[in-house]
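Working notes, structure below.
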Amino acid sequence: MERILESVIQLFLLLALAPLVTGVIRTLKARLQTRRGPGILQPYRNLYKLFRKGMVIPETASWIFSATPWIVFFGTILAGLMIPMVAADAPLGLVGGVLAVIYLLGLGRFFLALSGLDTGSSFGGLGSSREMTISALAEPAMMLAIFTVAIGAGSTGLTEIAGAAIGQTWRFLAPAQMFAFAALALVLIAETGRIPVDNPATHLELTMIHEAMILEYSGPYLALVEWAASIKQLVLMTLLINCFWPFGLQPTWFGFGALVGIGWLLAKLLFLSCAIVLLETVNAKMRLFRVPELLAVAFTLGSLALVSTFLF
Amino acid sequence: MLMRPFLDMQFGDRIITLMAALVLVLQIAVVAQRWIVTHIRIFAIQSFLLATIAATIAWFNHAPHIYIAAALTLVVKVILVPILFERLVVRMDIREEIKPIINVPLSVVISGGLTLLGYVVAESFYKQNEPGLGHNELAVAISLFLIGFFTMINRRKALTQVLALLSLENGLFLAAISLTYGMPLIVELGILFDVLVAAMVLGILVYRIRETFESIDVSRLRRLRG
């Protein structure tokens, strides 16, 4: 019974918080660039608008095109329920560990790439090929960083990883943790399509990566895909902050503690959003052929992290 | 109560390890970036971290003479040398990117490998479970060396080679300070003035190379063979 309640709360948090995080990042970025910005609630309005619209499905599209938004959306939600958000104890933690989370997100990406190819439009195929290139380079770095954390906790279960992190608050100062954090932060930027790698606001076809894949989607399907993208961003950000900055993370869900946990989660998310905004504002988008250099740095940091857990 | 962590050896060790790790990250960042001005600034930040490490070691080991070494590092490597080089860059009007011989992703992975080599070599130098500061710093220092050498080989432009030489010297400084808790002051002074003079002389040399060959690409020096 408690599990169900926890799951419902976390589901609500995921669904409600994800557009808010996107909105906060956009607004902060606009303010930093001395624009007014659309307001932090704009992503909700966008979703509401898209859900009420009709949609156009290309004639050439097969069943993959209509199945993808559902697979992406529910895959991301399921991954979101398997990570510790408010308390170290993840609602669906018993279903799978960090590997399951990453490959659920990977499944979504796989289907998005397929649907980009499915419609037969050249931009979709181009987006898919770029997305797959980047994710193939980001994945090793991500796995190395994740394994570093998992070795520290002695388990790939996220509940155990977050639990071990709670025990040692200052552990993030250890070099291994720092390298792993830096690697995972670079991967986060690549995976969520943030600026040095991809520009989430672009509508210039030649530079698009994620946007190019979903170019053919409209109406409710587009809403699902966009919602899933912001949930994925929230999931990865939460994973990063709860594995590396465990302050205020509660060991279990109970009454008042959960509220404290939510408060800390919001504060840490805001902090991370500010960092992302700053990074996006001071950097220009990289040329596509420079992205492997960034990810090579992430890979090297990840492998240094893994090795230095054994050495230090 | 507030002062307690600042007297605790373990806390000091942790801080120093953290900063040494940052120094290492900066060294890899040098390999990954493409602009000479960025290279100079990264070198300045790296030297600043080294000065901080030296000061921390001085504080925890109650060795006041290391403060002087730290202060000298701060003045020479964080302020004088970077200013000198940035002026040189402005004067020679260098705008093009650094073109390494081996491409950047591979260079970064190679530096990662060199770091591992550094750790393996350093492993044999210290006994396990021996307490005290400077446990991991030797490994970082050796890695700085190796990556510094690699950067020197990997770059064609004279100025970046000089910078790589200086970061190699940073590795030496780190090794000396973490192993011996500071060399005698006179040696320290000698090395620092050596660096300053070397930087100036090499700066002038780079400028001359540029005057004569219209470029600071050292591969053109072969033309001397007539």
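The values are calculated or read from the model by the stated rules, or taken from the named source; none is laboratory data. Note that the coordinates shown come from a computational prediction; the quantities given were computed from them, not determined experimentally. FYI the Cβ positions are ideal-geometry reconstructions off the backbone, even for glycines, and counts take in every protein chain you see. Please note that ligands, DNA and RNA were not included when accessible areas were found on the heavy atoms of the full protein model with its side chains. Shrake-Rupley method; radii C 1.70, N 1.55, O 1.52, S 1.80 Å.
Brief remarks follow.
- The requirement of being surrounded by fewer than 18 Cβ atoms within 10 Å (Cβ to Cβ), within 14 Å of chain B (Cβ to nearest Cβ) and not in a helix (DSSP H, G or I) is fulfilled somewhere in segment A:165-172, by at least one residue.
- Residue in segment A:52-67 that is in a helix (DSSP H, G or I), within 22 Å of A:ILE189 (Cα to Cα) and polar (S, T, N, Q) present: no
- Restricting the first member to segment A:91-102 and to residues that are more than 17 Å from A:GLU139 (Cβ to Cβ), and the second to residues that are not aliphatic (A, V, I, L, M), the beta-carbon pairs closer than 6 Å and six or more apart or on different chains are A:PRO91/A:GLU6; A:PRO91/A:SER7; A:PRO91/A:GLN10; A:GLY93/A:THR159.
- Any hit, segment B:40-60, residues being in contact with an Asp or Glu (Cβ under 9 Å, 6 or more places away or on another chain), modelled with pLDDT of 85 or more, open to solvent by 10 Å² or more (accessible area, probe 1.4 Å) and in a helix (DSSP H, G or I): yes
- Test: residue in segment A:266-278 that is touching a Ser or Thr at 6+ places or on another chain (Cβ under 8 Å) and either in a helix (DSSP H, G or I) or on the phi > 0 side of the Ramachandran plot (or both): yes
- Residue match in segment A:193-203 (condition: buried (at least 21 other Cβ atoms within 10 Å of the Cβ), under 18 Å from the mean Cα position of the chain (by Cα) and hydrophobic (A, V, I, L, M, F, W, C)): yes
- Scanning segment A:272-312 for residues that are away from chain B (no Cβ under 13 Å), β-branched (Val, Ile, Thr) and open to solvent by less than 30 Å² (accessible area, probe 1.4 Å) gives A:ILE276, A:VAL277.
- Selection within segment B:12-39: residues that are open to solvent by 50 Å² or more (accessible area, probe 1.4 Å) and facing chain A (nearest Cβ under 9 Å). The member of this set that is modelled with the lowest pLDDT is B:ARG14.
- Checking each residue in segment B:77-100 for being buried (at least 18 other Cβ atoms within 10 Å of the Cβ) and over 16 Å from B:ARG210 (Cα atoms) picks out B:LYS77, B:VAL78, B:VAL81, B:PRO82, B:PRO100.
- Which listed residue, of A:PHE111, A:PHE12, is assigned to a helix (DSSP H, G or I), under 27 Å from A:ALA212 (Cβ atoms), open to solvent by 30 Å² or more (accessible area, probe 1.4 Å) and not small (Gly, Ala, Ser): A:PHE111
- Hey, B:VAL109 free of Cβ contacts under 8 Å to residues at least 60 places away in the same chain, open to solvent by 50 Å² or more (accessible area, probe 1.4 Å) and facing another protein chain (nearest Cβ under 10 Å) or not: yes
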